[in-house]
1. Suppose we filter the range A:144-174 for residues that are under 11 Å from A:I26 (Cβ atoms) and modelled with pLDDT under 95; how many remain?
2. Which members of the range A:145-188 meet the condition of being farther than 30 Å from A:L54 by Cβ and among the β-branched types (V, I, T)?
3. Listed residues A:V183, A:V140, A:V203; which is more than 30 Å from B:L51 (Cβ to Cβ) and either within 14 Å of another protein chain (Cβ to nearest Cβ) or over 17 Å from the mean Cα position of the chain (by Cα) (or both)?
4. Counting only residues that are open to solvent by 50 Å² or more (accessible area, probe 1.4 Å) and either in a helix (DSSP H, G or I) or at the interface with chain A (Cβ under 7 Å from one of its Cβ atoms) (or both), how many does the range B:70-89 have?
5. Of the residues B:V99, B:V33, which is surrounded by 14 or more Cβ atoms within 10 Å (Cβ to Cβ), assigned to a strand (DSSP E or B), at pLDDT 95 or above and more than 9 Å from chain A (Cβ to nearest Cβ)?
6. What pairs can you find where one residue is in the range B:45-74 and farther than 8 Å from B:F12 by Cβ, the other is within 13 Å of ligand 1 (Cβ to nearest atom) and among the acidic types (D, E), and their Cβ atoms are less than 8 Å apart, with a gap of 6+ or different chains?
7. Looking at B:E181, B:E189, B:E134, which one is open to solvent by less than 50 Å² (accessible area, probe 1.4 Å) and not in a strand (DSSP E or B)?
8. Which of (1) over 19 Å from the mean Cα position of the chain (by Cα); (2) on the phi > 0 side of the Ramachandran plot; (3) touching a residue at least 24 places away in the same chain (Cβ under 8 Å) is the odd one out, the single condition B:G129 does not satisfy?
Amino acid sequence: MEIFQYAFMRRAFIVGIILAIIIPCIGVTVVLKRLSMMGDALSHSSLAGVTIGLLLGINPVLGAMISCIVAAFGIEIIRKKIPQHAEIAIAIIMSTGIGIAGVLSGFVKNTANFNSFLFGSIVAISDFELYLVIGIGLIVLLAFILLYKELFFMSFNEKGAELAGVPVGLVNSIFTILIAITVAIAARTVGSLIVSAMMVVPVACAMQWAKSYRQTVVFSALFGVCFMIVGLCLAYYVGLKPGGTIVLTGVAFFMISIMIKKFYRR
Amino acid sequence: MNEILSLKQLSFSYEDKSILENVNLSIKKGDFVAITGVNGAGKSTLLKLILGILSPKQGEIEILGEPMKQFNKWQKVGYLSQQVLKKHQQFPATCEEIVKANLFSQIGFLRFPTKKHKEKARAALEAVGMAGYEKKLIYQLSGGQQQRVMLAHVLVSEPELIILDEPTTGVDQEAITAFYELLKKLNQEKQMTIIMVTHEMQKSLEYVNRQIYLQEKQVLEA
Ligand SMILES: Nc1ncnc2c1ncn2[C@@H]1O[C@H](COP(=O)(O)OP(=O)(O)O)[C@@H](O)[C@H]1O
Ligand SMILES: [Mg+2]
């Protein structure tokens, strides 16, 4: 296939497929625990790290990773201060992140480079980023598998999980870090503004068909990979931005999936 | 007889809103207790104090013979909160997955369940009359069936004390009777201590051995 002649396309597919597996895995818990605001806040915060990285000449994906982790802990700290209004913590961090990104983006010389982080780019992935995504991707996947039953129990019945002895605080902290680093490494390929949608859309599709929690997880990853492959191909052949194309592919699948379900029920 | 739970001079308030004042209560092994009271009387709050989710402003709680502060055998206490099912109208999980989750203390942190655990989950479902429903999605069952599955989720870890907060809301009359029969059987055959908040005062009288009424920050024995 012509599409695989180019090294940048091969890299895009490797990175894309790894992301397409881990983002929906994290997404299942994000959806079931109703944390999608958290995903939004972190993805906007990652842009602050991207701009700082671009300005200081540090790798922007690394910058995104640091700002995401700082943002995640910022949310936890504010949450502890005002426990009645947890959602305010998320809104404040999100505003801070997008605010920093907005102001600093005015100083970035190469705006095309900055823009590629908003909606993703397939040509720009460096070797360093490739290895980063492979390494972090494996860590996230391993952590997700090891914490599978804990995350399930906590999504369903957090109080019950705590009584049964699940270290709920620890698992929540680890999970927050997992969201943060997943969002950060997705910034280049999928785009910071798209990644939180990628957490939700495949899961929404999977929930239409899954007959168990396990199937929800597996189908989410499969749908994610499908959207990624179709989206990247469309982006390449038609010349579209990958992030948006991938998510719209997902939304189209979701619509078709709803219609097929309706049709079969009749 | 040994005491499972004792509250001494217990007082609790949310910020400046007082809910309980100088409450004393003793529950013995094998008791089946129904707690009733109007909405907002503080029934759920009382349960959360017993479970250590909230801490009292004053007074002492002893649970399974130990002071609350030292108590760490929470896996011997089963709890079904008021909203656990309402919160998740469409939670995508099978009955087996739901029940198996509560075997955490037997499986262990970061470890994987084995055939043995699956078998236990199956047995717990059978004990609540839900054999054969292992692979069914919980949200596709009726309200009464969902409650049975949730009871299996609580029972699978073999607790000595189970605490249920309005377990029969949204369940039809026939299913309520069956649910009470089931609790009574557990209570009599396994000496399981049960504390249940309920609005069905009349009906529960046929099954429980104690009925407690929560009114004006006090508990009254019926
Ligand atoms: N977290 C809370 N903060 C402040 N007030 C609360 C809280 N939870 C419950 N309350 C109040 O305490 C009272 C008792 O609540 P609750 O124990 O849930 O009553 P019941 O279960 O008997 O209906 C109610 O008036 C309720 O509004
Ligand atoms: Mg209540």
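1. The qualifying residues number 0.
2. Pass one, the range A:145-188, residues farther than 30 Å from A:L54 by Cβ: A:145-172.
Once the filter is applied, which keeps residues that are farther than 30 Å from A:L54 by Cβ and among the β-branched types (V, I, T), the range A:145-188 yields A:I145, A:V166, A:V168, A:V171.
3. Details: A:V183 fails: either within 14 Å of another protein chain (Cβ to nearest Cβ) or over 17 Å from the mean Cα position of the chain (by Cα) (or both); A:V140 fails: either within 14 Å of another protein chain (Cβ to nearest Cβ) or over 17 Å from the mean Cα position of the chain (by Cα) (or both).
Every option except A:V203 fails the conditions.
4. Just the residues of the range B:70-89 that are open to solvent by 50 Å² or more (accessible area, probe 1.4 Å), to begin with: B:70, B:72-73, B:75-76, B:82-83, B:86-87, B:89.
This time we only want the ones that are either in a helix (DSSP H, G or I) or at the interface with chain A (Cβ under 7 Å from one of its Cβ atoms) (or both), so: B:75-76.
Number satisfying all stated conditions: 2.
5. Working: B:V99 fails: assigned to a strand (DSSP E or B).
Testing whether each residue is surrounded by 14 or more Cβ atoms within 10 Å (Cβ to Cβ), assigned to a strand (DSSP E or B), at pLDDT 95 or above and more than 9 Å from chain A (Cβ to nearest Cβ) leaves just B:V33.
6. Cβ pairs passing all conditions: B:L47/B:D165.
7. On the way: B:E181 fails: open to solvent by less than 50 Å² (accessible area, probe 1.4 Å); B:E189 fails: open to solvent by less than 50 Å² (accessible area, probe 1.4 Å).
Exactly one residue qualifies, and that residue is B:E134.
8. Condition not satisfied by B:G129: (1).
The values are calculated or read from the model by the stated rules, or taken from the named source; none is laboratory data. Here the structure is a predicted model, which is why all the values come from computation and not from measurement. When we count neighbours, we look across all protein chains shown, and the Cβ atoms used for this are built from the backbone with ideal geometry, even at glycine. For accessibility, only protein heavy atoms count, side chains too; no ligands or nucleic acids. Shrake-Rupley method; radii C 1.70, N 1.55, O 1.52, S 1.80 Å.
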